[in-house]
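Novice: Sharing a structure here in structure tokens format.
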Amino acid sequence: MRRTNYTIQPDNNLLRMLQDGDEYALSEIYRRIGNELLDYAIKRNVPINDCREIIQDIFLWLWINRNITRERQIDLRPYLYGMIKHKILRYFNQLKMRHKYTAELTLLSATLNDSTNEYCNFRDLLNAFAEGMQRLPDRCRQIFDLKHNKGLSVQAISEMLMITKPTVTNYIALARQSIRQTMHDFYNERKPMAKMRRKPETAHITSMLTINA
């Protein structure tokens, strides 16, 4: 049986072969277009390691969803460039959201007792913040998200939801109060556990002091 020469196949022929379950066709598409997509992402200031993960995700999706691409009758190269554009946009949106969450978390955690850091690391506080968000009533969470994650002004939120600006402000204040309480509760739960973990060390020091006395 004569082996197919994948290197001379047009892009869309390779796509059809991939859709039929040909892994060699996927490898050739990756070899042919992967570096182009990588360069495209790098030029848009995505860190190279994140670029590689994005490219791998795209080709993994292409393989797993090969039946979907058959139904859509896609043109391979424009489709892949559309995917990389979407992935990059989503990457920066998620990055922006993480920065906003971090800024809000810093503001809220500043209201906790100074000894909080003794018992909770920043990841713990981030988890507590996310849990506090989930506990908010739907309307309250929506407004808080629009303000701090989407970056909308109170005026813009008021116009979008057709409610007064004082109502928007009240919802935001309520959200902060509720999240802050969740973080306080989280801190109080962790504090006894941290003390228990320190008992052996404390007992050892107390024993040393007793002997020295």
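The numbers here are math on the coordinates, done by the rules we state, and not lab data. Please read these numbers as outputs of a predicted model, since none were measured by experiment. A quick note on method: Cβ atoms are made from the backbone with ideal geometry, for glycine too, and the neighbour counts reach across all protein chains shown.
Novice: Please give the net charge around GLY21, taking every other residue with its beta carbon less than 14 angstrom from that of GLY21, where Lys and Arg add +1 and Asp and Glu add -1.
Specialist: Combined, the nearby Lys, Arg, Asp and Glu give 0.
Novice: A further question follows. Among the trypsin sites (Lys or Arg not before Pro) in the range 1-38, which ones are in a DSSP loop with at most 13 other Cβ atoms within 10 Å of the Cβ? Mind listing them?
Specialist: Hits after loop and neighbour filter: ARG2, ARG3.
Novice: Which of the trypsin sites (Lys or Arg not before Pro) across the range 140-190 are loop residues per DSSP, with 16 or fewer other Cβ within 10 Å?
Specialist: Filter output for the range 140-190: LYS150.
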